[in-house]
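Right, one structure below, let's go through it.
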Amino acid sequence: MRGNSLSINIAGLQLKNPVILASGILGYTSASLQSIAENGVGAVVTKSIGLKPRSGYSNPTVVQTKCGLINAMGLPNPGIDAYASEIRQAKALLTVPLIVSVYGFSAEEYAETARRAVEAGADAVELNVSCPHVKETGVEIGQNPEVLVEVVRKVKAVVGKPVIVKLSPNVTDIAELAEAAADAGADALTAINTLRAMAIDIETARPILSNKRGGLSGPAIKPIALRCVYDLYEKVKIPLIGCGGITDWRDAVEFLLAGASAVQVGTAVALKSPAVFKAINRGVSAYLRKKKLESVKDLVGLAHRS
């Protein structure tokens, strides 16, 4: 194999490898982002940032299950104006693309937050239209094609960087939302966000999370995420980023074969360690050598070919 067999370009973002830090995990400060970058990622995604500060939910906000994590953080963040300094610092430190996750309670809020993030130095923005536990944002926007189109168009009108839309699995037809986002001008799609879930304490007979319901991530959702990526590859022409339950290189290869150009890893970092990124890249590289393939690009969508 010649050159860097793991490098790939996604919507104009040049990645040295296809493994990305997912939003919500160690993506708050410039120092944590730099630490993750040093562990071999191709790009990093920040925690979701809104136009105004938000305190989020009270504890407990995370519960571990046999098959992953359920979280209901409530999108805590200092607001984009305060976070802009972290973006600038991270941009000065990082040698990989910096993707800022943004959310809003209206199309105008998404657009303004994205504009300020790019102005501060973001290489791309990921629109969180799929948070399953915050009312009037997230999944409520991501379930409505008309509203999603408005959000994407308004963001595209004010930023000159790639716009990635993170889709919700908590819908009847994810392909319909994907096609709407692509038609509105989205440059790439992330599939998927967490699934609505909950846990109950049998001693107190009460839901464990303060918000009662949260979002399930981790190994349990991988088959669902994989199916979503496979379906979307047949429906849209823009790049796909697989996300959901990826814990090792075999998982990553499955998503690439299903049609993802890259993968995001989140819960595995919390359950294992940031070293998971290097382990995945080593495994994918070995797989390419075993299959006598020149590039990771040769894997993308291979499961669709007869």
Handout entry: residue 101 of a type in the set (Gly, Ala, Ser), under 22 Å from residue 159 (Cβ atoms) and assigned to a strand (DSSP E or B)
Key = yes
Fill in the blank from the handout: Over the range 227-271, the set of residues charged (D, E, K, R) and in contact with a His (Cβ under 8 Å, 6 or more places away or on another chain) is 234
Handout entry: the range 223-271, subset touching a residue at least 40 places away in the same chain (Cβ under 8 Å) and of a type in the set (Phe, Trp, Tyr), residue farthest from residue 169 (Cα to Cα)
Key = 233
Fill in the blank from the handout: Looking across the range 62-72 at residues that are in contact (Cβ under 8 Å) with a residue 60 or more places away in the chain and in a loop (DSSP other than H, G, I, E, B), the single one that is farthest from residue 32 (Cα to Cα) is 67
Practice task
With respect to residue 301, determine if the residue is surrounded by 14 or more Cβ atoms within 10 Å (Cβ to Cβ), touching a Lys or Arg at 6+ places or on another chain (Cβ under 7 Å) and of a type in the set (Gly, Ala, Ser).
Solution key: no
Handout entry: From 99, 70, residue being touching a Ser or Thr at 6+ places or on another chain (Cβ under 9 Å), within 30 Å of residue 8 (Cβ to Cβ) and surrounded by 20 or more Cβ atoms within 10 Å (Cβ to Cβ)
Key = 99
Exercise for the section: For residue 56, indicate whether it is modelled with pLDDT under 95, touching a Leu at 6+ places or on another chain (Cβ under 7 Å) and closer than 19 Å to residue 100 by Cβ. Expected result: yes
Practice task
Considering every residue within the range 242-251, establish whether at least one is buried (at least 24 other Cβ atoms within 10 Å of the Cβ), assigned to a strand (DSSP E or B) and touching an Asp or Glu at 6+ places or on another chain (Cβ under 9 Å).
Solution key: yes
Fill in the blank from the handout: Checked the range 110-139 for anything surrounded by fewer than 24 Cβ atoms within 10 Å (Cβ to Cβ), modelled with pLDDT of 95 or more and among the acidic types (Asp, Glu); matches are 112, 119, 123
Handout entry: Residue under evaluation residue 265, criteria (1) modelled with pLDDT of 95 or more; (2) surrounded by fewer than 21 Cβ atoms within 10 Å (Cβ to Cβ), criterion not met
Key = (2)
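The values are calculated or read from the model by the stated rules, or taken from the named source; none is laboratory data. What you see is a predicted model; the values in this text were computed from it and never measured. Using ideal geometry, Cβ is built from the backbone for each residue, glycine included, and neighbour counts are taken over all protein chains shown.
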